[in-house]
Amino acid sequence: MDQHITIEIFGHPFTFKADTNISKAKEVAAYLEEEVGKVERQLSAESVSINKRAILILAALNIANEYFELKDNQAVLLEMMAQKTTGLLDSLNTVAS
């Protein structure tokens, strides 16, 4: 069942449809709001005047950077697990022989 979720960015509400997992969609929406707020606070603390579109783009770039870091970390972890699994299987095969 589709439900609608509304987030507020720069004082404007944005409503979108969530197909299934409402709690996950709310979590994602809250994360976006927080990232936009972080960028906005950082720029205001640095007395940098920047338009709202640029703030959204910077927030999106921050999120994309986090995503790629996590993706790289996952690849390293999977490679380590594969190596350890291979080592364990080799050890088991040696003991079984």
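The values are calculated or read from the model by the stated rules, or taken from the named source; none is laboratory data. These figures come from a predicted structure and were not determined experimentally. So basically every Cβ, Gly included, is an ideal-geometry build from the backbone, and we count neighbours across all protein chains shown. SASA here: full protein model, heavy atoms, side chains in, ligands and nucleic acids out. Shrake-Rupley method; radii C 1.70, N 1.55, O 1.52, S 1.80 Å.
Among the residues here, I22 does not qualify as open to solvent by less than 90 Å² (accessible area, probe 1.4 Å) and in contact with a helix residue (DSSP H, G or I) (Cβ under 7 Å, 6 or more places away or on another chain). Residues that are farther than 29 Å from D2 by Cα, of a type outside the set (D, E, K, R) and at pLDDT 85 or above within segment 32-56 comprise V39, Q42, L43, S44, A45, N51, A54, I55, listed in sequence order.
Only one entry in A59, A29 is at pLDDT 95 or above and surrounded by 15 or more Cβ atoms within 10 Å (Cβ to Cβ), namely A59.
Of the numbered criteria (1) open to solvent by 100 Å² or more (accessible area, probe 1.4 Å); (2) over 30 Å from Q3 (Cα atoms), the one G87 fails is (1). Residues that are of a type in the set (D, E, K, R), open to solvent by less than 100 Å² (accessible area, probe 1.4 Å) and more than 15 Å from the chain's Cα centre (by Cα) within segment 32-48 comprise just one, E40.
Please determine, by comparing only the residues of segment 62-80 that are closer than 15 Å to Q42 by Cβ and either touching a Phe, Trp or Tyr at 6+ places or on another chain (Cβ under 6 Å) or not hydrophobic (A, V, I, L, M, F, W, C) (or both), which one is most open to solvent (accessible area, probe 1.4 Å). Lay out the reasoning, then the answer.
Residues of segment 62-80 closer than 15 Å to Q42 by Cβ: 62-63, 65.
Next cut, either touching a Phe, Trp or Tyr at 6+ places or on another chain (Cβ under 6 Å) or not hydrophobic (A, V, I, L, M, F, W, C) (or both) only: 62, 65.
On the way: N62: 66, N65: 84 Å².
Applying the filter and picking the extreme gives N65.
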